[in-house]
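The values are calculated or read from the model by the stated rules, or taken from the named source; none is laboratory data. Just so it is clear, the model here is predicted, and its values are computed rather than measured. Ideal geometry is used to build each Cβ from the backbone, glycine not excepted, and the neighbour counts take in all protein chains shown. For the accessible areas, the whole protein counts, side chains as well, though only heavy atoms, and no ligand, DNA or RNA atoms are used. Shrake-Rupley method; radii C 1.70, N 1.55, O 1.52, S 1.80 Å.
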2 protein chains.
Amino acid sequence: MSVSIKLIPTRVFHRVHETCKDEIQKLTLLADMCRANTLAIVKRAGSGHLGTSFSSMDLVAWLYYRELNTLEVGLDSPDRDIYFSSKGHDVPGLYAVFHALGVLSTEKVLKLRRLGGLDGHPDVGIPGIESNSGSLGMGISKARGMSWAKRYRNNGGRVFVMIGDGEMQEGQNYEGLHAAVQHNINNLTVIMDHNKVQSDKLISEIMDLGELETKIRTFGWHVARCDGHDFNEIQKVMAELAKVEDKPKFLIADTIKGRGVSFMEHPAALEMGKGLYPWHAGAPDDASFIKGHDEMLHRIDEGLKAAGLDPLELVDVDEEAAKKTNLEGEPVSQAAPLRKIDKAAREYVTKALGDALVEQGEKRDDLIVLDADLAADCRLRKFETTYPERFVQNGIAEQDMVSMAGGLAHAGLLPVVSSFASFLASRANEQIYNNATEKTKIIYLNHYAGLIPAGPGKSHQSIRDISLFGALPNCVILQPACGAEAKMVLDWCVEQATDNCAIRLIIGPSPRLLELPADYQFTFGQGVALTEGNDATLFAYGPVMVHEALLAAEALADKGFKLRVINQPWLNRVDNDWLKNTIGDQKNVFVVEDHAPVGGLGDTLLNAISELGMAGDCKLTKFAVEGYPACGTPPEALRFHQLDGAMLATRIQRLCQES
Amino acid sequence: MSVSIKLIPTRVFHRVHETCKDEIQKLTLLADMCRANTLAIVKRAGSGHLGTSFSSMDLVAWLYYRELNTLEVGLDSPDRDIYFSSKGHDVPGLYAVFHALGVLSTEKVLKLRRLGGLDGHPDVGIPGIESNSGSLGMGISKARGMSWAKRYRNNGGRVFVMIGDGEMQEGQNYEGLHAAVQHNINNLTVIMDHNKVQSDKLISEIMDLGELETKIRTFGWHVARCDGHDFNEIQKVMAELAKVEDKPKFLIADTIKGRGVSFMEHPAALEMGKGLYPWHAGAPDDASFIKGHDEMLHRIDEGLKAAGLDPLELVDVDEEAAKKTNLEGEPVSQAAPLRKIDKAAREYVTKALGDALVEQGEKRDDLIVLDADLAADCRLRKFETTYPERFVQNGIAEQDMVSMAGGLAHAGLLPVVSSFASFLASRANEQIYNNATEKTKIIYLNHYAGLIPAGPGKSHQSIRDISLFGALPNCVILQPACGAEAKMVLDWCVEQATDNCAIRLIIGPSPRLLELPADYQFTFGQGVALTEGNDATLFAYGPVMVHEALLAAEALADKGFKLRVINQPWLNRVDNDWLKNTIGDQKNVFVVEDHAPVGGLGDTLLNAISELGMAGDCKLTKFAVEGYPACGTPPEALRFHQLDGAMLATRIQRLCQES
């Protein structure tokens, strides 16, 4: 990174807070200063959600500077006011506010999305964070639990939860709306950051929310509305809400996505992006960063001058540290939208699969693709634009999408259901089961599977999806290791599979351009050897872990230790004869999982080895993502879990010596 | 069963249909005749949902006799009108209508909830059934898929889906409401059987639906309302809806739960049950059956006379067959509510756990119990009435319940979340994961775990829940084998567990009163031997499978084959030293799962045996629920899956001889 990153230090926030006379002027300045720092730490992190951090910033600033007693009574006080964001991806803005208030150190905010730093989505391990979020739609329910507990314990304090408007498409919100009224929860305020844009399109285009205000009222809530950027209006509406004591409260705050940087503001930004909002996630390129940051700093200095206050002071962020930023493996939308990527050098299995989908779509008109507002990250845009009549946008509503697919399958169509693995395999698990019991065929694309990218944190890293599909009797689970195999996998699922299929895909670029053996025949239950060797055998799957496995083989080769690496794309089906021949008289057999140790390929192999009666002759050892997935850069997370090539080499050699 | 069961044969329905001049009079008679047969087949089956079959009957009769082209164009015609029930438990009424129309034979309807007969909840394998249901809230989404497919394929026919009012508490419905409008689905009609009562209480008492009509309109739907028992009104409203071609249609039909049998009708029945509706599920006792059936037959004969038609003819149901009815293992609410059960002879682990909950509740005021409208089946009533301030009713909204529990846990409370395993572990899986990532402690009660009872069918039989919790790093999964152990399990989870706990429980009575060894110490990761023997070792868990395991041991003992049966309540944790000693030099080791073969105790043991390096000396064989769980009586289902004692004995002996 060539640009230097500057932060407004906490002391300057304190000074403005103490010296600015006009309350509204003060809050406007403080919020804008937090925006400037948000942009800086996201640029530094190389990723993060700017659009929503900016749209919700004025409300968050109001809450912490004017509304909440939290800092006064202490972060651990049972009588504290509680605030958290249900959508969670606006957390960079919240971190900036915490930094302004001295809750988070400068050192800490500079470690956004780094190991031991600040998670890409909220985690309760971080001071001030009240709830883990990032998977959408849970906030109202959770906040209601907190409110219920306060009443039960006779504790003081109110509960405020921020939700997104796109998030409102998740059905759980409506369950929460019902229950809050039934349970007479009156110390709860939901604030909707109504910026009208979800990941990259207008809400109204993806899944319109209908008559929002009336709708919420029919659930029995007190509904208010205000301009989420006008502190006078915010002050007025908060005063009004404070008087309402017999109902849960729902504030619809009309906001502007990207507020604070002219070219990031909707609708201008949406027009610039030709209908696609470019600033939902990801760090801006250097030019955009400098332009946006300068624009804000200039406005802030003007404001300070107008308020008769000293000009801004900035601190330089250590440039060396900045250079450590590693974008490898960030999702498309989380990479800088305007950043130049050398396409030739980078392969995405998601793109390869998206292209294969289009090819299949050309061959057969019964192939229907369903998306839950992740078309860009999941590389479905090409199918969407090529076959708009066969592309179904379900919005952020995975359960509805999966059950709709069940209905399509009944009519003899072949639904291909796509989302992030964490949201699809888990959130819609019962719907997937219900479909499967009908013996129809549906293909589930589980994007963002595995440990990497590790920046976004636990809510997005999917290390349980194999186990969540595994007990379905009629579902084959596969993961391709490269673009070429991605096409083989999809073609097999579409043309040959009779059961349901769950395809796992990493969301980021492949760490290496993998060359599959020229004579590789993609065959049911059979993997393929990528290296030869008699000292040990290592099974791996997916671009990330196959890459690390090959790195391990390379490292061991230098020591004269010959590791045989097997790419096994079939995660819950294995051809026993092939396995018998593959293992042969090999004593030391290993498997590296891009998954938890439970319910992955390791258990499939363990069962097969046991069936084959080979368990006495060979010992299978699993290397897996133990515990919860670490947040950080890919190298940090892989090293933390001892799954990087170097660690795998060390572990394998040690275990072989012991055996 | 001492009463004789009589059915109105199909030919009588045909005769009435052909000879009755007045349309309204005819439909009233046909619907009532179907009700009489519904009561008969449910009594015969020993279980089934009467209240809702009766409340929706007039609407279903209207649809098949007047509205749908389905039978005309054929059940497989792509141009057929499609009808299905999302709630699904009203299927006995639908079967009766199919029988009346000749779609289902008399022999078939007499096999309700029997192997090879009619599933307790809809299954597409049955003629006329368009969708598997029984797990709630999926119908609107699925029906939308069917409607979308008709439009895409230019097929004729409309789609009608029946939903329950209690079911409307599931958030997925609201996702479906949004999408139907966004997708311009106009050939879809949702009919709500608005009988005001959910499993056993008033909707308004459990989770009120607010301003229902206005609410649905805010989503952009055309909403109509009518008396669901008045054929004149039904005719009028259906004609009105037929004219609406620019919106999806939502008909709120006001109905009476139990309609057609005076003492089963709400509100009378609710008063009789002192606030609890007694006829939601389960077969009536003999006296109530005779009383209700006679009342209906009498009314029907009066109606026939008034219409100038011949009196009813009835056919006797083979009494021998009737005697085969086996109620073992049906859930409380599915057993006849007034049936006398010899309590002393029957143990329910659910009751034992419910009692233990009350005891713990007395010791600590931080224990909060959350229910999703299954308090009766899950035996939570005692806690509910003893500690009403600590019992939270969430309605049929598992995701909301689980996330609320997450909020409670943050406040230092200990939430105990209860539902059926199928709905809790699966529907709320992502919410459970989100809570678990916060490292709080929550206890999940997974009732109705396993294969038995097998009458209700796939939607209720939970054979995947261990696998759905298994990959969480911080969740201990347990299942008690008897009432005494149920208390040990709960006490351990409440008092000693630091991680989350998932407790599996069978919903029915224990097949035997199990005596645990007097010196049994409930110890982390350690099971206990129930029989001694050196010929083979069989691990089992839960009352159903431990019983079958002991039956196998008894059968084998007669042949001089000594089988050691180990009760292992720890399903994903095992004490390796204990396991090493327990297996010793035993070559033949078996495990019987009340679960699918993937992700259960077998995989836990397989991993431990591999770690211990014992895999070469002993061979572990799994006996599990292969494929989808069979529907039928417990003996039928256990035999079908070769998991009954006799089959286990045969399989074990054969495998030992082979080894």
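General remarks:
- Straight-line reach from A:LYS619: taking Cα to Cα under 16 Å and skipping same-chain neighbours fewer than 8 places apart, the aspartates and glutamates in range are A:ASP535, A:ASP585, A:ASP603, A:GLU611, A:GLU658, B:ASP603, B:GLU611, B:ASP617.
- Relative to the longest principal axis of the Cα atoms of chain B, the long axis of helix B:172-182 lies at roughly 50 degrees.
- Percent of beta bridges antiparallel (DSSP, chain B, rounded to nearest 5): 15
- Relative to the Cα centre, the charge distribution of chain A, modelled as +1 at Lys and Arg Cβ and -1 at Asp and Glu Cβ, gives a dipole magnitude of about 820 debye.
- Average beta carbon contacts from partner chains per residue of A:125-133, 10 Å cutoff: 3
- Computed log10 I(q)/I(0) for region B:381-467 at 0.12, 0.16, 0.19 Å⁻¹: -0.38, -0.66, -0.88, from the Debye equation with unit scatterers placed on every C-alpha and solvent omitted.
- Entries of A:LYS439/B:LYS142; A:LYS6/A:LYS111; B:LYS87/B:LYS236 with Cα pairs more than 18 Å apart: B:LYS87/B:LYS236
- Copy-to-copy label separations for B:LEU75, where each label sits 7 Å from Cα toward Cβ, in nm and ascending: 6.3
- Accessible surface for A:ILE452 stands near 10 Å², nearest 10, in the context of the full protein assembly shown (1.4 Å probe).
- Look at the dipole of the protein assembly as shown built from charges on Cβ: of A:THR650, A:PHE524, B:ALA45, the Cα furthest out on the positive end belongs to A:THR650.
- Angle in degrees between helix B:231-243 and the longest Cα principal axis of chain B, rounded to the nearest 10: 90
- Hydrodynamic radius of region A:186-323 by the Kirkwood approach over all distinct alpha-carbon pairs: 18.0 Å.
- Which listed pairs, of B:LYS382/B:LYS458; A:LYS196/A:LYS247; A:LYS201/A:LYS382; A:LYS562/A:LYS587; A:LYS363/A:LYS487, have C-alpha distances above 18 Å, in listed order: B:LYS382/B:LYS458; A:LYS196/A:LYS247
- Pairwise centroid distance, computed over Cα atoms, of region B:288-320 with region B:575-615, Å: 59
- A probe of 1.4 angstrom, applied to the heavy atoms of all protein chains, finds A:LYS291 with accessible area near 130 square angstrom.
- Kirkwood-Stokes translational diffusion coefficient of region B:235-293, alpha-carbon pairs, 37 °C, 0.692 mPa s, µm²/s: 234
- Legend: translational diffusion of region B:89-148 by Stokes-Einstein, Rh = Kirkwood radius over C-alpha pairs, 20 °C, 1.002 mPa s; D = 176 µm²/s.
- Highest to lowest packing among B:204-213, B:376-385, B:542-551, scored as the average C-beta count within 10 Å: B:542-551, B:376-385, B:204-213
- Unit charges at the beta carbon, dipole of region B:66-168: most positive-side option, B:MET146, B:MET162, B:THR70: B:MET146
- Peptide A:391-400 is shielded by partner chain Cβ atoms: per residue, an average of 6 of them sit within 10 Å of its Cβ.
- With all protein chains modelled, accessible area of B:PHE640 [1.4 Å, Å²]: 120
- Label spacing, shortest first and in nm, from A:GLU245 to its equivalents in the remaining copies (7 angstrom along Cα→Cβ): 5.7
- Region B:51-203: proportion of alpha-carbon pairs further apart than 25 angstrom, %: 27
- Spatial separation of Cα centroids for region A:47-96 and region A:170-247, in angstrom: 17
- Along the axis of the charge dipole computed for chain A (Cβ charges of +1 for Lys and Arg, -1 for Asp and Glu, origin at the Cα centre), the listed residues A:VAL349, A:GLN182, A:PRO388 are led at the positive end by A:GLN182.
- Region B:462-591 - Debye-derived log10 I(q)/I(0), Cα point model, q = 0.13, 0.16, 0.21 Å⁻¹: -0.54, -0.82, -1.34
- Cα gyration tensor shape of region A:147-187, rounded if a/c is under 1.5, else prolate or oblate by comparing a/b with b/c: oblate
- Stokes-Einstein diffusion coefficient of region A:124-224, Kirkwood radius over Cα pairs, 4 °C, 1.567 mPa s, in µm²/s: 89
- Dividing the summed -39500 (n - 2.57) terms of all DSSP H runs of n ≥ 4 by the residue count of chain A sets its mean residue ellipticity at 222 nm at -12000 deg cm²/dmol.
- For chain A, alpha-carbon Rg and Dmax in angstrom: 25.8, 83
- Mean-position separation - Cα centroids, region A:20-41 and region B:419-495, in angstrom: 48
- Between the helical axis of A:286-306 and the longest alpha-carbon principal axis of chain A there is an angle of about 20 degrees.
- Burial of accessible area (probe 1.4 Å, heavy atoms of protein chains only) in region A:568-607, relative to its chain alone, reaches at least 50 Å² for A:LEU606, A:ASN607.
- Note on the protein assembly as shown: antiparallel DSSP beta bridges, both residues inside, total approximately 15 percent of the bridges counted.
- Heavy-atom accessible surface of chain B: percent carbon and sulfur, 1.4 Å: 50
- Surface burial for A against B, with a 1.4 Å probe and both sides summed, reaches about 8200 Å² of accessible area.
- Equivalent ellipsoid dimensions for region A:20-138 as semi-axes, Å, which come from the Cα gyration tensor, largest first: 20, 18, 14
- Here the mean projected area of the convex hull built on the C-alpha positions of region B:490-560 is 6.1 nm².
- Projection of the Cα convex hull of the protein assembly as shown, averaged over all directions and equal to a quarter of that hull's surface, yields 47.3 nm².
- Distance histogram for region B:167-258 (every C-alpha pair counted, 10 angstrom bins, percent rounded to whole numbers): 16, 47, 32, 6
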